[in-house]
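Worksheet for the structure shown next.
The values are calculated or read from the model by the stated rules, or taken from the named source; none is laboratory data. Quantities reported herein were computed from a predicted structural model and do not represent experimental measurements. Please note: Cβ atoms are built from the backbone with ideal geometry, for glycine as well, and neighbour counts cover all protein chains shown. Calculation scope for accessible area: heavy atoms of the full protein, side chains included, ligands and nucleic acids excluded. Shrake-Rupley method; radii C 1.70, N 1.55, O 1.52, S 1.80 Å.
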Amino acid sequence: MNQPKVNGMNPDSESRCEHYHSEVDVVAIKFYCCHKYYACYYCHQELADHSPAKWPKDQQDEYGIICGHCKNELPISRYMNTSECPHCSHRFNERCSNHFPLYFEM
């Protein structure tokens with residue numbers, strides 16, 4: 001299976017970028033507007049040629065998250081309700097939930 005490309009400002013092998021690069025910053029998010037993965041909202045702002053669009057509430061069961069640690073994709077709704085990857089148990093940055101309104105209709 002081909003792993004989707006993670007776009008961003010110098011993303012490392014676990015999806016950390018110039019904006020977010022702590023041990024727990026390992027999530028890449030597929031943007032609803034272009035269906036491309038980006039390391040973060042700011043990377044999308046800097047690199048995409050369009051404005052971001054939020055995932056509609058009724059489509060948040062779609063696969064739209066990559067755990068940069070194990071490279072598995074997971075549904076948005078599952079990501080929004082956990083603090084670690086359900087596949088490898090790597091911890092996610094819990095403060096990312098503060099940014100959910102940037103990516104997802106709440």
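Against the test of being touching a His at 6+ places or on another chain (Cβ under 6 Å) and surrounded by 14 or more Cβ atoms within 10 Å (Cβ to Cβ), the options HIS44, HIS69 yield a single qualifying residue, HIS69.
Every condition in (1) open to solvent by less than 50 Å² (accessible area, probe 1.4 Å); (2) touching a helix residue (DSSP H, G or I) at 6+ places or on another chain (Cβ under 8 Å); (3) under 12 Å from TYR32 (Cα atoms) is met by LYS54 except one, and the failing one is (1). Scan segment 2-24 for residues that are over 12 Å from the mean Cα position of the chain (by Cα) and at positive phi and the total you get is 1. Would you check which residues across segment 47-83 are under 13 Å from the mean Cα position of the chain (by Cα) and charged (D, E, K, R) and list them? Selection gives LYS54, GLU62, LYS71, GLU73, ARG78.
Quick one: is TYR79 at pLDDT 95 or above, touching a Pro at 6+ places or on another chain (Cβ under 6 Å) and on the phi < 0 side of the Ramachandran plot? Reasoning before the result, please.
Values: at pLDDT 95 or above: yes; touching a Pro at 6+ places or on another chain (Cβ under 6 Å): no; on the phi < 0 side of the Ramachandran plot: yes.
No; evaluated as a whole, the condition is false for this residue.
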